[in-house]
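Visitor: Sending over a structure as structure tokens; questions will come in a sec.
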Amino acid sequence: MKQIDFITQALNLTLFGMGFVFLFLTLLVGITKLMSMIIQKFQSKIHDKQDYHNSEFKDDMDEETKFIIEQAIKMHRGT
């Protein structure tokens, strides 16, 4: 009789433990995806603002300044 109770308790503990781990991992994946979506939205807004400022900056530069900046970037990269 006691052996059957121990097996029943062991099965209950196993099922509850596996259920808890499954629930925790599912929740973890969901929260990670939600955070990723939020970061992508903020990143796209920042990127749009940077494009606006960069295009405004590029229009104000003369050709010589653009050439000097491009050459400095090439020298820094080593190409």
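Visitor: Answer yes or no: is there a residue in the range 55-62 that is modelled with pLDDT of 90 or more and open to solvent by less than 100 Å² (accessible area, probe 1.4 Å). Break it down stepwise before answering.
Guide: The first filter runs over the range 55-62 and keeps only residues modelled with pLDDT of 90 or more, leaving none.
No; the residues of the range 55-62 include none that is modelled with pLDDT of 90 or more and open to solvent by less than 100 Å² (accessible area, probe 1.4 Å).
Visitor: Here are the criteria: (1) surrounded by 10 or more Cβ atoms within 10 Å (Cβ to Cβ); (2) modelled with pLDDT of 80 or more. Tell me which single one Asp51 does not satisfy.
Guide: Answer for Asp51: the failing condition is (2).
The values are calculated or read from the model by the stated rules, or taken from the named source; none is laboratory data. Predicted model only: the values in this text are computed from it and were never measured. With ideal geometry, Cβ positions are generated from the backbone for all residues, glycine too; neighbour counts draw on all protein chains shown. The accessibility values were calculated without ligands, DNA or RNA, using every heavy atom of the protein model including side chains. Shrake-Rupley method; radii C 1.70, N 1.55, O 1.52, S 1.80 Å.
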